[in-house]
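To keep things clear, I will list the structure first and then write my remarks on it.
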Amino acid sequence: MRNYLANYNLLAVSANLKETALNTEQTLDTTLLVSVSDIIDLEPRREDNADELTGKEEPDTVYSLGATSKGTLNFEKAQAQHFAFGYAYALGAVSSVAFGSGFKHTITPTSDITPPSFTAAQRYGKTIFKRRFASMFVDQLTATFAKDSWARLSLELRGTGKFTDNVTKETVQAPFNSTTLTLASNGVEGADAQTRLDNVHLVRVKNPITGEWVDVTVTDVSTGAPAVLSIQAPGDDITTTDYEVLYVPTEPAWCTFPSRVVEPPLRVANLQVILGGKWDGTQFLGGHQIDTEIESIEHTINNNMIIEFRVGGSDKYANYAIRGGRVQALRLDRQARDFILQQRMKDTEYFGVRLVATGAEFETGKNYQVDIVFPRCAVLTAPLSVNDKIVAEAGDLKVLEDALYGSVIVIVTNKVSQYAA
């Protein structure tokens, strides 16, 4: 029996290598540990003919206009690799160098209006089906560091809608009283008889007398290619008719999901937050460190992706993808123990911010780490409130673009050699 429990879902991406061109699939290299409820799916585009003169009160036809794709990846126990993958595809420019036995990845915003895209694939359930998606983009990124919790990362994805399923439909012509059907050339995926039987999702036959489609019972599927399906004869008529077979053929290489990279997740207790310092291109100087007063701090990136069907493409998926303009923000919720944010807001002061999330060592003196530097920020608002009898402050910080160093620098250290290369 097919296993359709969501716990068996898997999701893999081309984390290390970006696609070489739009709608050109890249090799999957990493399976990601995302939330059990995360699904990448299609957004079908459909229209009916209600606006046309059909001679009927209601529409009678539906037109397919292809599809785009979307999904959310939630890393509830985020690791350094997850931040590296997310920021690399959200920001676009990555430089990786050796760092002991590991690597240091410096990620900055690209000026290219088309950010890098990656290929993703998902297994739905354990044995339902698999689907590969070309050209997925990180439309929005949210990194959250809240007290007494794991570091969290959420990626909102949008894609062109180009996809490949591991399920195919084939029409076989045979007499209505057949007890076997032979596929044209494919074998059916499965190392044992039950798996092959489960991988035949449906066989139906068109009754040559009534024209109706009738389900057919499959009792066995042979090994090898072409596969032979043993069926219960649907009738006595010897007229040749159409049998429609929906099945999983012998799977191509992309259906074998790669291994996960094993890293320790990051705890917010090990987060360092510095306000008011200065980035000189290599290090962050000065500033005021804040710690126990922090309730949470959140960084968001919105790429405002525009994905469209344009001339010269396909009617099945989009052929145009650009950023509509990157927007970033920082939100700091904290206990209002001082007047620092209020004064910075009054003065309209520009200042740097640094967030450093440090994990375990992967070798002596070398840690899994995420270091995020904002060279130029300003306080937009900092409303005061009361939170459980404590005076609280919600700092809404705007991330600005510095003339020399840009808007953000993300430095990730781990043992993976490259991202979005």
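The values are calculated or read from the model by the stated rules, or taken from the named source; none is laboratory data. Just so you know, these numbers come straight off a predicted model, no measurement behind them. Using ideal geometry, Cβ is built from the backbone for each residue, glycine included, and neighbour counts are taken over all protein chains shown. SASA here: full protein model, heavy atoms, side chains in, ligands and nucleic acids out. Shrake-Rupley method; radii C 1.70, N 1.55, O 1.52, S 1.80 Å.
For the reader, a short list of remarks on this structure follows.
- In the set (1) touching a Gly at 6+ places or on another chain (Cβ under 7 Å); (2) small (Gly, Ala, Ser); (3) not in a strand (DSSP E or B), the condition left unmet by residue 259 is number (1).
- Odd one out for residue 358 among (1) surrounded by fewer than 17 Cβ atoms within 10 Å (Cβ to Cβ); (2) of a type in the set (Ser, Thr, Tyr); (3) in a strand (DSSP E or B): (1)
- Filtering segment 279-307 to residues that are within 22 Å of residue 145 (Cβ to Cβ), in contact (Cβ under 8 Å) with a residue 24 or more places away in the chain, open to solvent by 30 Å² or more (accessible area, probe 1.4 Å) and not hydroxyl-bearing (Ser, Thr, Tyr) leaves 287, 288, 295, 298, 302.
- Boolean, residue 55 is surrounded by fewer than 18 Cβ atoms within 10 Å (Cβ to Cβ) and on the phi > 0 side of the Ramachandran plot: yes
For every residue, the table says whether it meets (1) among the polar types (S, T, N, Q); (2) under 30 Å from residue 29 (Cβ atoms); (3) in contact with a helix residue (DSSP H, G or I) (Cβ under 7 Å, 6 or more places away or on another chain).
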residue: 184; (1), (2), (3): no, no, no
residue: 205; (1), (2), (3): no, no, no
residue: 216; (1), (2), (3): no, no, no
residue: 219; (1), (2), (3): yes, no, no
residue: 225; (1), (2), (3): no, yes, no
residue: 243; (1), (2), (3): no, no, no
residue: 257; (1), (2), (3): no, yes, no
residue: 267; (1), (2), (3): no, yes, no
residue: 288; (1), (2), (3): no, no, yes
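- Only a single item in (1) within 27 Å of residue 91 (Cβ to Cβ); (2) open to solvent by 50 Å² or more (accessible area, probe 1.4 Å); (3) assigned to a strand (DSSP E or B) is not met by residue 391, and it is number (1).
- Yes/no for residue 327 being modelled with pLDDT of 95 or more, open to solvent by less than 40 Å² (accessible area, probe 1.4 Å) and either touching a strand residue (DSSP E or B) at 6+ places or on another chain (Cβ under 8 Å) or not hydroxyl-bearing (Ser, Thr, Tyr) (or both): no
- Qualifying residue in segment 12-35 (condition: under 24 Å from residue 201 (Cβ atoms), in contact with an Asp or Glu (Cβ under 7 Å, 6 or more places away or on another chain), of a type outside the set (S, T, N, Q) and open to solvent by less than 30 Å² (accessible area, probe 1.4 Å)): no
- Among the residues of segment 16-55, not one is modelled with pLDDT under 95, among the β-branched types (Val, Ile, Thr) and not in a loop (DSSP other than H, G, I, E, B).
- Filter pass, residue 21 being small (Gly, Ala, Ser) and closer than 30 Å to residue 404 by Cα: no
- Reported count of residues in segment 159-187, each being of a type in the set (A, V, I, L, M, F, W, C), part of a strand (DSSP E or B) and open to solvent by 60 Å² or more (accessible area, probe 1.4 Å), is 1.
- When residue 93 is tested against (1) part of a strand (DSSP E or B); (2) at pLDDT 95 or above; (3) in contact with a Lys or Arg (Cβ under 9 Å, 6 or more places away or on another chain); (4) open to solvent by 30 Å² or more (accessible area, probe 1.4 Å), just one condition goes unmet, and that condition is (3).
- Sub-7 Å Cβ pairs linking a first residue in segment 145-169 that is aromatic (Phe, Trp, Tyr) to a second residue that is open to solvent by 40 Å² or more (accessible area, probe 1.4 Å), at least 6 apart or interchain, are 150/76; 150/77; 150/265; 150/267; 163/132, ordered by first then second residue.
- Flag if residue 45 is more than 30 Å from residue 409 (Cβ to Cβ), in contact (Cβ under 8 Å) with a residue 60 or more places away in the chain and surrounded by fewer than 18 Cβ atoms within 10 Å (Cβ to Cβ): no
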